[in-house]
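Okay, so here's the structure we're looking at.
The values are calculated or read from the model by the stated rules, or taken from the named source; none is laboratory data. Just so it is clear, the structure is predicted and the values come from calculations on it, not from any experiment. Please note: Cβ atoms are built from the backbone with ideal geometry, for glycine as well, and neighbour counts cover all protein chains shown.
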Amino acid sequence: MVRINALTAVGIAVTVLVAIALVWWLSDIPLGVDSAVYRAGGSAVLHGEPLYAHLTALPEWAPELPFTYPPFAALLFVPLTALPAHVCWGLLAIAAAPSLYVALRPFTERAYVPLLLLAAFALQPVWQTIGLGQVNLLLMAVVVADVLLLRESRFRGIGIGLAAAVKLIPLIFIVHLLLVRRIADAARALAAFLGATTLAFVLLPKDSLRYWTSAIFNSHFAEMKGWVGNQSWQGFIARTLPEGSIATVLIGCFGVLCAVVMMWLVRSLHRAGDDPAALLVTAGCALLVSPISWTHHWVWVVPALGYLCTRRPAMGIAAVVFTGWTVAVVPGGGGAERTWNFGQAVVGNAYLIAALALIFVLCRRLSDVDSETAVSAVGRGR
């Protein structure tokens with residue numbers, strides 16, 4: 001039996017993605033819708049154009065999509081303007097394999113990393129992130145490194161702060177740092193976020209004002225909240241109930257419940273010495289309570305599967321849920337989600353259900369650990 005190490009697996013994945021990038025570039029086949037938007041946002045900054053309006057640098061093949069990230073992200077994307085759109089996509093695609101390696105390391109045994117890394121490319125959040133030219137894998141790797149790998153670094157927390165300045169959702173990981181009593185790291189993260197945001201205000205005052213007063217509410221995506229591709233709790237409610245007070249109350253109550261459970265689980269798992277599981281809980285809570293959690297945002301399923309497979313290999317079967325078929329087999333778009341029967345609703349909300357199941361599994365595991373601790377204490381007292 002041929003065995004490969006993690007670096008070889010990364011090399012194989014990078015080689016394949018480089019080949020794909022070259023073929024797509026030479027064939028002039030459009031690829032990387034979101035990376036094209038990043039590049040167009042950087043171009044708007046470079047040429048003094050409004051960032052949250054029509055992006056003039058979008059390629060002809062790209063749909064008319066808005067720039068939805070904070071202004072600091074646009075500053076980071078300025079260097080992409082020196083490259084063709086296909087090359088920008090290729091660079092983000094190549095970064096996928098190293099990002100997956102970093103994200104898997106703390107969650108599974110070293111022997112499992114190569115297989116899990118290569119298998120991850122069959123998961124919809126991964127291949128969709130790559131196809132769109134998204135930054136999800138990079139941001140996840142930054143958060144994992146900051147929380148679990150850089151334990152002895154004096155720069156801990158800064159990565160989370162910068163990630164949050166690029167995409168606001170990572171702000172929840174500052175709360176995570178507070179819950180596990182890493183106060184100094186949380187302070188550095190908040191300082192990095194505020195510093196990056198202030199820099200954007202200084203360099204892009206008009207765009208920053210517009211983002212924080214109106215563009216942040218993202219009316220473009222709000223119209224698509226009920227689409228099957230949105231696997232958040234608000235997406236589930238939008239597909240299931242009409243807009244109104246009942247839907248609003250259910251969204252608010254679930255948000256509070258999720259926050260309470262998250263805080264209890266994170267604190268308890270941290271005390272039990274299971275920081276990887278605690279981080280998964282925080283990431284899962286972010287995906288559930290966010291108004292929009294597109295399927296490509298669910299890249300956290302990769303370390304979650306690594307965590308589960310190491311402890312119970314049979315749990316690897318859960319990966320089937322995230323290969324993309326659940327979204328493909330149900331009616332979607334144009335309000336078709338409101339016509340689902342019960343079976344279609346179960347399949348069409350599979351990501352959401354799987355996340356709730358994982359939280360339940362972690363609760364059970366924590367309960368088992370507490371029971372073993374109690375039994376040991378009784379034994380010592382005899």
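Remarks
- Note on the stretch 24-55: among residues that are without any contact (Cβ under 8 Å) to a residue 40 or more places away in the chain and of a type in the set (Ser, Thr, Tyr), the one that is surrounded by the most Cβ atoms within 10 Å (Cβ to Cβ) is Ser43.
- Only a single item in (1) surrounded by fewer than 23 Cβ atoms within 10 Å (Cβ to Cβ); (2) assigned to a helix (DSSP H, G or I) is not met by Val144, and it is number (1).
- The set of residues in the stretch 81-93 being in a helix (DSSP H, G or I) and surrounded by fewer than 18 Cβ atoms within 10 Å (Cβ to Cβ) consists of Ala82, Val87, Leu91.
- Against the numbered list (1) at pLDDT 90 or above; (2) assigned to a helix (DSSP H, G or I), Ile292 comes up short only at (2).
- Of the criteria (1) of a type in the set (A, V, I, L, M); (2) buried (at least 22 other Cβ atoms within 10 Å of the Cβ); (3) under 14 Å from His297 (Cα atoms), which one Leu132 fails: (2)
- Restricting Gly334, Gly343 to residues that are among the small types (Gly, Ala, Ser), over 21 Å from the mean Cα position of the chain (by Cα) and assigned to a helix (DSSP H, G or I) narrows the list to Gly343.
- Per-region count, the stretch 242-268, residues surrounded by 15 or more Cβ atoms within 10 Å (Cβ to Cβ) and free of Cβ contacts under 8 Å to residues at least 12 places away in the same chain: 1
- Number of residues in the stretch 192-234 that are in contact (Cβ under 8 Å) with a residue 60 or more places away in the chain, in contact with a helix residue (DSSP H, G or I) (Cβ under 8 Å, 6 or more places away or on another chain) and within 30 Å of Ala328 (Cβ to Cβ) equals 9.
- Residues that are loosely packed, with under 12 Cβ neighbours inside 10 Å and over 30 Å from Glu64 (Cβ atoms) within the stretch 9-23 comprise just one, Ala19.
- Ser214 being surrounded by fewer than 16 Cβ atoms within 10 Å (Cβ to Cβ), at pLDDT below 95, within 20 Å of Phe67 (Cβ to Cβ) and among the small types (Gly, Ala, Ser): yes
- The requirement of being surrounded by 21 or more Cβ atoms within 10 Å (Cβ to Cβ), assigned to a helix (DSSP H, G or I) and either within 20 Å of the chain's Cα centre (by Cα) or of a type in the set (Lys, Arg) (or both) is satisfied by Ile160.
- Of the listed requirements (1) over 30 Å from Leu116 (Cα atoms); (2) part of a loop (DSSP other than H, G, I, E, B); (3) out of contact with any Gly (no Cβ under 9 Å at 6 or more places or on another chain), Phe72 misses just one: (2).
- Contact map, the stretch 342-359: first residue closer than 16 Å to His297 by Cβ, second residue among the basic types (Lys, Arg), Cβ cut-off under 8 Å, separation 6 or more or different chains; pairs are Asn349/Arg239.
- Scanning the stretch 280-306 for residues that are under 18 Å from His176 (Cβ atoms), crowded, with 22+ Cβ neighbours inside 10 Å and more than 10 Å from the chain's Cα centre (by Cα) yields Leu280, Val281, Thr282, Cys285, Leu288, Pro303, Ala304.
- Scanning the stretch 95-115 for residues that are under 18 Å from the mean Cα position of the chain (by Cα), closer than 19 Å to Ala13 by Cα and part of a helix (DSSP H, G or I) yields Ala96, Ala97, Pro98, Ser99, Leu100, Tyr101, Val102, Ala103, Leu104, Arg105.
- Hits in the stretch 330-341 - residues which are surrounded by fewer than 12 Cβ atoms within 10 Å (Cβ to Cβ) and free of Cβ contacts under 8 Å to residues at least 60 places away in the same chain: Gly334, Thr339, Asn341
- Screening the candidates Ala21, Ala9 for the property of being in contact (Cβ under 8 Å) with a residue 40 or more places away in the chain, more than 30 Å from Pro59 (Cβ to Cβ) and assigned to a helix (DSSP H, G or I) yields one hit, Ala9.
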